[in-house]
1. For the chain, with a Gaussian network of springs between Cα atoms less than 10 Å apart, report the residue from Arg257, Arg19, Arg349 with the top mean-square fluctuation.
2. What do you get for chymotrypsin sites (Phe, Trp or Tyr not before Pro) in region 217-271 restricted to DSSP loop and a cutoff of at most 14 other Cβ within 10 Å of the site's Cβ?
3. Springs between alpha-carbon atoms under 10 Å, Gaussian network over the chain: tell me which of Phe132, Phe305, Phe95 tops the mean-square fluctuations.
4. Charges at C-beta only: +1 for Lys and Arg, -1 for Asp and Glu. How large is the resulting dipole of region 123-222 about its Cα centre, in Debye rounded to 20?
5. Counting only residues 5 or more places away or on other chains, whose amide H sits under 5 Å from the amide H of Ala126 once H atoms are built in the peptide plane?
6. Aspartates and glutamates near Lys301 by alpha-carbon distance under 12 Å, same-chain residues fewer than 8 away left out - which ones?
7. Where a Cα-Cα gap under 21 Å defines reach, which lysines qualify for Lys140, not counting those fewer than 8 residues away within the same chain?
8. Please list, or write none, the lysines whose alpha carbon is within less than 18 Å of the alpha carbon of Lys41, excluding same-chain residues fewer than 8 places away.
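Just so it is clear, none of the values below were taken in a lab; they were calculated from the coordinates. Since this is a predicted model, take the numbers as computed values, not measurements. Note that each Cβ is placed from the backbone with ideal geometry, even for glycine, and that neighbours are counted across all protein chains shown.
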Amino acid sequence: MYSFEPNEEQQMLIDAVSRYAKGDLRPAGHEAEESKSLPKKLVNKGWELGVLQASVPEAYGGFGERSAVTGVLAAEEMAWGDLAGTLAVMTPGLFAMPILLAGSEEQKQEWIEPVIEGDWPKFTGALVEPSFDFDPNELKTTATVEGEDFVLNGVKTMVPFAAGAEALVVYANLDGATKGFIVPGASDGLSVSEPEKFMSLNALPLYRVTLENVKVPQSHLLEGDFAPILAAMRVANASIAVGVANAAFEYARDYARERQAFGVKIAQKQAIAFMLAEMATEIEAIRLLTWEAAWMLDVGKDEAFTHAYLAATGAADMVMMVTDRAVQILGGHGYIREYPVEMWMRNGRGFATFTGLAIV
């Protein structure tokens, strides 16, 4: 039998992340969304908690060992506070973690420590493509061999902090397989758009990145399998969805306990009570599926990749349902921007496309 009871070190990290989510992210989330800007101090404070650093061995500048379970526990707690802030804090992991999972020893020694040694850095990753049939295992971005180099061509979207990034891990189709490539931000042929506009995540700077004959040396190829990277992205996406859904559920539950209609608390109305019960049930089901998938990744079970996919797809449906129900429970107040549930519903709608914006 396995247990998800955190050990002492995990619990200390989770408690620290929870305090940050409650004391910093949640109070700042609404203003950040409205102003379309995250305070740098807010992101730096989250970075200083050391969630990524705790997943990197000492040999590469960290102070721990990679644990997907620890990562999803921390990501869920942080996302309860604010989605955009959470993704900002986790963005450097989009560069460091794939190198840890699929890079050579030389790549790990050269590239990981600069990411985690100081303040929050501008390193990121580019997976998502602007196509309705986007499939991470069948990318339209291509990599071809030219002499001693690889040449990359394609378009990526929803790339966080791409403008001014020191380097990116860009994913491309190499002979029918998805591979990651380390691409310096100043590479010739790499161009970054103005920030893209989406229904949510207005506080998180997301960009379209175009690669036109971008050359990188063959030593910048991540030779390891893409499957563990994709699974780690999927469980991260699922855990963050659980955090957002739980925030919406708790807010709607507490509102229903206080709001009166026709002389009784609306939580006593059967329709509202049934909604809340279904919301809680679905959150707990996806939470356990996500934790199990993360545990399978940690212990190396073959079915981990399938469970990661199930967790991500189930979480996308669950968070949309829960956040929509939260808006319904608040009635007219749910549609007003002064209440956070409308932002959570807009966030929830995007989780079907967010795989690639976080990794554990």
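1. So, out of Arg257, Arg19, Arg349, the one fluctuating most is Arg257.
2. Phe262
3. Phe132
4. 260 debye
5. Hits under the 5 Å cutoff: Val169, Val170, Tyr171.
6. Glu292
7. Lys156, Lys179, Lys215
8. Reachable lysines: Lys22, Lys122.
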